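Below: one structure, written as structure tokens.
The values are calculated or read from the model by the stated rules, or taken from the named source; none is laboratory data. Remember, predicted model here, so these are calculated numbers, not experimental data. All Cβ positions, even for glycine, are placed from backbone atoms using ideal geometry, and neighbour counts span all protein chains on display. These accessible areas exclude ligands, DNA and RNA; they are computed on the full protein's heavy atoms, side chains included. Shrake-Rupley method; radii C 1.70, N 1.55, O 1.52, S 1.80 Å.
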Amino acid sequence: MADVLILGANGQIARLSENIFLSDTGDDLKLYLRRADRLRDLANDRVELIDGDATDVDKLVESMKDVQMVYANLAGNNIEDQAKAVVEAMGKAGVSRLVWISTLGIYDEVPGKFGKWNNETLGDYITRYAAAAKVIEGSDLDYTVIRPAWLTNKDEVDYETTQKGEAFKGTEVSRKSIAQIVVDIAQVPSKFSKESIGVNKPNTDGDKPSWY
């Protein structure tokens, strides 16, 4: 049984992962977010709600007590600062296992017309997430960086992965697939250890996601 701290716990992928954790595992959860009362419907003897900002190192350290894994589902223009705070806090708290949600394109790894469209559409978003991932990968942590394709709300777990240094595949993947990967890593911490994985639904290659 692992205690998992989820940062940015009201995000769409985070919410899906919380449901899977609570229904399919025995893990206890700490849910860290601004305005924690938004998740009060989840509060029970397995769930602790923590009101905090992801750049507050002292609050993060305090929240990491008795935690085996940190799952960061963070966003914002200050994502690099959030990454630095998380790395610093985990070092101080003595927690090493981190799952970090990033985005596709941070290594210019998306080929062809889709890669060009992705770069033009996401722009500075990619630059900020690339800087944050560099902080994570440059740390001593046992990290997994997850780079999802464009996200759908399909009720399915159907994915394949590519490694850093390989060309990204496909154009889309379900949020539920990403949530399941997070839960799977919590159950088997060696899964995707020290890896940056691209995640896509098989056979979704194209010039852009199907709904564009």
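I'd like to know which of Y159, I136, T55 lies farthest towards the positive end of the charge dipole of the range 3-200, counting +1 on Cβ of Lys and Arg and -1 on Cβ of Asp and Glu. Positive-most Cα among the choices belongs to Y159.
Measure nothing fancy, just the Cα-based angle from helix 175-187's long axis to the longest principal axis of the chain, in degrees from 0 to 90, nearest 10. So the inclination is approximately 50 degrees.
The long axis of helix 79-93 is offset from the longest Cα principal axis of the chain by roughly 40 degrees. Assuming charge only on the beta carbon of Lys and Arg (+1) and of Asp and Glu (-1), the dipole of the range 3-200 about its Cα centre is about 380 debye to the nearest 20.
I'm spelling it out carefully: the read-out is semi-axes √(5λ) of the Cα gyration tensor in Å, the candidates are (1) 30, 17, 16; (2) 22, 22, 19; (3) 27, 19, 15, and one was derived from this structure. Which label? Here semi-axes √(5λ) of the Cα gyration tensor in Å agrees with entry (3).
With 21 Å as the limit, the listed pairs K154/K191; K30/K164; K84/K176; K164/K191; K134/K154; K30/K92 have K154/K191; K30/K164; K84/K176; K134/K154 beyond it between alpha carbons.
For the range 1-79, trypsin sites (Lys or Arg not before Pro) meeting the loop criterion (DSSP other than H, G, I, E, B) and having at most 13 other Cβ atoms within 10 Å: R34, R35, K65. Cα centroids of the range 1-78 and the range 109-163: 22 Å apart. Just check the range 1-106 against the gyration tensor rule for me: Cα atoms, a ≥ b ≥ c as the square roots of the eigenvalues, rounded for a/c under 1.5, and otherwise prolate or oblate depending on whether a/b exceeds b/c. Taking the square roots of the gyration eigenvalues as a ≥ b ≥ c, the range 1-106 is rounded.
If only the Cβ of Lys and Arg carry +1 and only the Cβ of Asp and Glu carry -1, the dipole of the range 140-212 around its Cα centre is close to 120 debye.
Give me the percent of accessible area attributable to carbon and sulfur for the range 3-200, probe 1.4 angstrom. Walk me through the numbers on the way to the answer.
Numbers: 3740 of 8420 Å².
Within the range 3-200, the accessible surface is 44 percent carbon and sulfur.
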